[in-house]
Protein chains: 2
Amino acid sequence: MATAPAGSPIRRALAEAIGVRHVIPGGEADPKFRADVLGKYVADPLFVVRPGDTAEVAACVRIAAEHGASVTVVGGQTGTVGGAIAAPGGIALSLDRMNRVIAMDTVSMAMTVEAGCILQTAQEAAEAEGAFLPLDLGSRGSATVGGAIAANAGGNRVLRWGMMRDMVTGLEVVLADGTIVSSLTPMIKDNAGYAWKQLMLGSEGTLGIITRAVLRLRPKPTTDQTALLALADFASVTALLRSLEVRLGGRLSSFELMWGDFYAAMTAAQLAARPRPMAEGHAFYALVEMLGGDPDHDAGQFEAALGAAIEDGLVADAVIASSGRERDALWAVREDMVPGLAAYKPFMVYDVSMALSAMPGFVEQVRIRLEAAFPGVRMLFYGHAGDGNLHIIVNVGDKGMAHEREVDRIVYEMTGEVGGSIAAEHGIGRSRIGFLGLTRSPAEIDLMRRIKRALDPEGILNPGKILE
Amino acid sequence: MATAPAGSPIRRALAEAIGVRHVIPGGEADPKFRADVLGKYVADPLFVVRPGDTAEVAACVRIAAEHGASVTVVGGQTGTVGGAIAAPGGIALSLDRMNRVIAMDTVSMAMTVEAGCILQTAQEAAEAEGAFLPLDLGSRGSATVGGAIAANAGGNRVLRWGMMRDMVTGLEVVLADGTIVSSLTPMIKDNAGYAWKQLMLGSEGTLGIITRAVLRLRPKPTTDQTALLALADFASVTALLRSLEVRLGGRLSSFELMWGDFYAAMTAAQLAARPRPMAEGHAFYALVEMLGGDPDHDAGQFEAALGAAIEDGLVADAVIASSGRERDALWAVREDMVPGLAAYKPFMVYDVSMALSAMPGFVEQVRIRLEAAFPGVRMLFYGHAGDGNLHIIVNVGDKGMAHEREVDRIVYEMTGEVGGSIAAEHGIGRSRIGFLGLTRSPAEIDLMRRIKRALDPEGILNPGKILE
């Protein structure tokens, strides 16, 4: 176990900067600082430091740099790619003391939060004022806003409101040399100089430490409509998506796609909790959501849009939720995955994206290649198809994790062949670092290295992530 | 006049790389390469080069770098801040030969274009396939897609679809050392490494030369509703905006605000062409647009949303367009500005943004300060208020342009005081370069410099813009 004696210079300096009780030896820290959520990666940080404000974050970074220690921010530790695992001999930095909503302006529709603020706390603070923070993730109760910015989180409503990138207007970061760069502005439009904030989004803590942010809010929708639709082929899926986008205007907020075998596996395992909303056996199932603001007409327009799709022969079967309970039951097919996944353990999970037109061919080829390499392989396909994001679950037998890199390679090589991305929303972190070159050219990776060197020449910030 | 003899080494090298007829001495080139649209800045480039493909662009950049000449891309020359003015002894690079729509995928809703493609050409190509490129500018007929990317253009529909930043998924650029970085991908979600494409957006040709791009398309809306509304105070403006955002869901596409004196001046000058759509004398006028997809219900929902706002006491008067002709007449109030502006010549024009809550106080203070400094000053306020963007026209007398920097300073200092941006959508270019520090901290500007040095250490690309 990594230790630094109580009287070591780095420990003394950190304790002096932020208070001795906020410098915790790694071995005594909460498990989330020592392993990722999937248990694939372990860390053994020298210390966990808990600065109380931005100036203290800057002091910690400067002290770490002076002593040659790296700094990895650990937020909710809800990521899946080992992005928040401290490097050997490094420091884990927690923003759990910087977890407040600082300001709310519902005229300008902007809120200012500290980076350690839990996403759900931010959502609820907005809703208490009649506003709406559209980013939503399954891990909303433990993921932090800072982590969601560092990962450029996506979720279920990217189709309508975009990713975290589209909701951050203001940002404050601490650079690798301890410089504080603060621009906590609410402007939707700001072309005064380089978009350095955009560079921080999705940089996984390797270019700067996000300490505070201003988030764009929206007026809270007052109606929601949800339906589960069965479809016979992929051409119907894309035609349905575009038809609903037109007919519902900007109100289509989710279009979640499930391949037939995913639907069958999940709903079979959920039977103890709730009946199947519709029969299995269709090629595809789409869960669609419309969020609107006209209680008198929205339900009718939603039904009319679905009716038109049925008349056009795009939809084989449809269930429309007529209550909040029914809506939750439809979403549960997609979100209550624990029972259904039990039979697939141990499994690998992928998060790729591509042009929608490439998706059916991609799925077919991945099936063929994995079946050839791993007879008996079992796969499930689902995703946020409205934005080209596909998730894949793969089981290649009880000892399958020994083959993880081979499965990775097959999936990611095929992703490269269709011009897709190996990381639609979950990032590169540690686990995908060796595959970046399959979809990014040497010139692109060299450009990324130039950016990293310009902002963190000593490699202090979260080393071993994104770039080798 | 800058000249390089026909036999000069740089001219020979350029002619060999791209063909002698595509290397035009600066003095013989089209006027747009020698002055900006407002006639404020002049250029005297060594040559105008017209490469035919990306490899030729890269060759031109390498040759320029070898000979110590800078490279400034000149697109439609529709900008207002002198951003496309070649530096002394530099080369102007035109992409007018690279003006094609290369690919269109209406399943994935993505189109690939060359950077020299005229915006309107791209719009029409999308619409011919039933798709929709939401970016729209008054200069659509001459602005290029590459210029719109380099400027991160905004326009009238940012409220719903965002700026160019939100429409670019793939990008190909030539860096200052001639490296081609190509990532022509259609993915809405792609978190595989640093967001270098975002950094290029709004960088005004100073970090890389954009050669090709993939743009995200949307299904084309099938209905449009337009109304002109009069309002008594700014609190009604913000309440109306949020009310319409809720009631129209994501279909509210424009919310253009005009102060009463702007409305009076424009409509008075337009009387020869068309009658006033409603009386002058109100404090504010808002032009609102809804784009939808349900011909049976959209008009009714739009009227119901406006009716609710009237019942809530937010709207003092309303005119709803009942035909395309009436719609065009309402938009003309805002867009047919040439007759009304004639009486304000010579004038300065500003493009600032801020939190909506700060806007009324900002306008009041700008009026007070300019009236104190320039008795008899005449001002007009209008803008894309839905996204916090305010334009200001200022006339301080017939010889007023001599006072431009003083007026600039008053407007931009006040912008800094409210935490706003001096360049909402038009960029920094040359004209605002001295004011960047009023709204960006030294740490921010230093970070921008680090980025510039990392990507263009020799300062080859469009020098003298954004940063001093």
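The values are calculated or read from the model by the stated rules, or taken from the named source; none is laboratory data. What you are looking at is a predicted structure, and each value in this text was computed from that prediction instead of being measured. Neighbour counts are summed over all protein chains in view; Cβ atoms, including those assigned to glycine, are modelled from backbone coordinates with ideal geometry. In case anyone asks, the SASA skips ligands and DNA or RNA and just uses the protein heavy atoms, side chains included. Shrake-Rupley method; radii C 1.70, N 1.55, O 1.52, S 1.80 Å.
What the table below lists for this structure:
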{"item": "Test result for B:V61, part of a helix (DSSP H, G or I), closer than 18 Å to B:I460 by Cβ and touching a Pro at 6+ places or on another chain (Cβ under 6 Å)", "result": "no"}
{"item": "Test: A:G464 is surrounded by fewer than 17 Cβ atoms within 10 Å (Cβ to Cβ) and either assigned to a loop (DSSP other than H, G, I, E, B) or out of contact with any helix residue (DSSP H, G or I) (no Cβ under 9 Å at 6 or more places or on another chain) (or both)", "result": "no"}
{"item": "Extreme residue, farthest from the other protein chains (Cβ to nearest Cβ), among residues of the range A:228-277 that are open to solvent by less than 10 Å² (accessible area, probe 1.4 Å) and part of a loop (DSSP other than H, G, I, E, B)", "result": "A:Q270"}
{"item": "The listed residue being of a type outside the set (A, V, I, L, M), in a helix (DSSP H, G or I) and touching a Leu at 6+ places or on another chain (Cβ under 8 Å), out of B:G361, B:G386", "result": "B:G386"}
{"item": "Residue in the range B:430-449 that is touching a strand residue (DSSP E or B) at 6+ places or on another chain (Cβ under 7 Å), in a loop (DSSP other than H, G, I, E, B), more than 10 Å from chain A (Cβ to nearest Cβ) and under 30 Å from B:A59 (Cα atoms) present", "result": "no"}
{"item": "Qualifying residue in the range A:120-141 (condition: under 27 Å from A:A69 (Cβ atoms) and either more than 9 Å from chain B (Cβ to nearest Cβ) or out of contact with any helix residue (DSSP H, G or I) (no Cβ under 9 Å at 6 or more places or on another chain) (or both))", "result": "no"}
{"item": "Selected residue [within 13 Å of chain A (Cβ to nearest Cβ) and not in a loop (DSSP other than H, G, I, E, B)] from B:L93, B:L171", "result": "B:L171"}
{"item": "Criterion violated by A:G155 - all others in (1) at positive phi; (2) facing another protein chain (nearest Cβ under 7 Å) satisfied", "result": "(2)"}
{"item": "Residue list for the range A:68-80, filter: open to solvent by less than 10 Å² (accessible area, probe 1.4 Å) and in contact with a Lys or Arg (Cβ under 7 Å, 6 or more places away or on another chain)", "result": "A:V74"}
{"item": "Matching residues, the range B:124-149, being in a loop (DSSP other than H, G, I, E, B) and either farther than 25 Å from B:G208 by Cβ or under 14 Å from the mean Cα position of the chain (by Cα) (or both)", "result": "B:E129, B:G130, B:P134, B:L135, B:L137, B:G138, B:S139, B:R140, B:G141, B:S142, B:A143"}
{"item": "Residues of the range A:362-384 that turn out to be under 20 Å from B:P186 (Cβ atoms) and either more than 12 Å from every other protein chain (Cβ to nearest Cβ) or in contact with a His (Cβ under 6 Å, 6 or more places away or on another chain) (or both), as a count", "result": "7"}
{"item": "Matching residues, the range B:138-156, being open to solvent by 30 Å² or more (accessible area, probe 1.4 Å) and farther than 22 Å from B:R97 by Cα", "result": "B:G138"}
{"item": "Residue match in the range B:157-170 (condition: more than 30 Å from A:L390 (Cα to Cα) and open to solvent by less than 10 Å² (accessible area, probe 1.4 Å))", "result": "no"}
{"item": "Unmet criterion (only one of (1) part of a strand (DSSP E or B); (2) of a type in the set (A, V, I, L, M, F, W, C); (3) more than 27 Å from B:T238 (Cβ to Cβ)) for A:A213", "result": "(3)"}
{"item": "Meets criteria (β-branched (V, I, T) and assigned to a loop (DSSP other than H, G, I, E, B)) for B:T121", "result": "no"}
{"item": "Cβ-Cβ under 8 Å pairs, at least 6 apart or on other chains, the range B:347-359 side farther than 21 Å from B:M163 by Cα and facing chain A (nearest Cβ under 8 Å), far side assigned to a strand (DSSP E or B) and aliphatic (A, V, I, L, M)", "result": "none"}
{"item": "Search result, residues across the range B:48-59 that are open to solvent by less than 30 Å² (accessible area, probe 1.4 Å) and either closer than 16 Å to B:R430 by Cβ or under 27 Å from the mean Cα position of the chain (by Cα) (or both)", "result": "B:V48, B:V49, B:P51, B:G52, B:T54, B:V57, B:A58"}
{"item": "Unique residue being closer than 23 Å to A:Y412 by Cα and either open to solvent by 30 Å² or more (accessible area, probe 1.4 Å) or touching a Leu at 6+ places or on another chain (Cβ under 8 Å) (or both) when the list is A:R453, A:R432, A:R449", "result": "A:R449"}
{"item": "Conditions (1) open to solvent by 10 Å² or more (accessible area, probe 1.4 Å); (2) out of contact with any helix residue (DSSP H, G or I) (no Cβ under 8 Å at 6 or more places or on another chain); (3) assigned to a loop (DSSP other than H, G, I, E, B); (4) touching a residue at least 40 places away in the same chain (Cβ under 8 Å); number of the one not met by A:G376", "result": "(4)"}
{"item": "Failed condition for A:A69, given (1) farther than 25 Å from A:L455 by Cα; (2) modelled with pLDDT of 95 or more; (3) of a type outside the set (F, W, Y)", "result": "(1)"}
{"item": "Selected residue [within 13 Å of chain A (Cβ to nearest Cβ), assigned to a loop (DSSP other than H, G, I, E, B) and more than 20 Å from B:L95 (Cβ to Cβ)] from B:D177, B:D190", "result": "B:D190"}
{"item": "Subset of the range A:287-340 [under 18 Å from A:S254 (Cα atoms), part of a loop (DSSP other than H, G, I, E, B) and open to solvent by 60 Å² or more (accessible area, probe 1.4 Å)]", "result": "A:S322"}
{"item": "Of the criteria (1) assigned to a loop (DSSP other than H, G, I, E, B); (2) small (G, A, S); (3) open to solvent by 10 Å² or more (accessible area, probe 1.4 Å), which one A:G202 fails", "result": "(3)"}
{"item": "Top-ranked residue in the range B:392-429 [being within 23 Å of B:K345 (Cβ to Cβ), of a type in the set (D, E) and open to solvent by 30 Å² or more (accessible area, probe 1.4 Å); ranked as farthest from the other protein chains (Cβ to nearest Cβ)]", "result": "B:D398"}
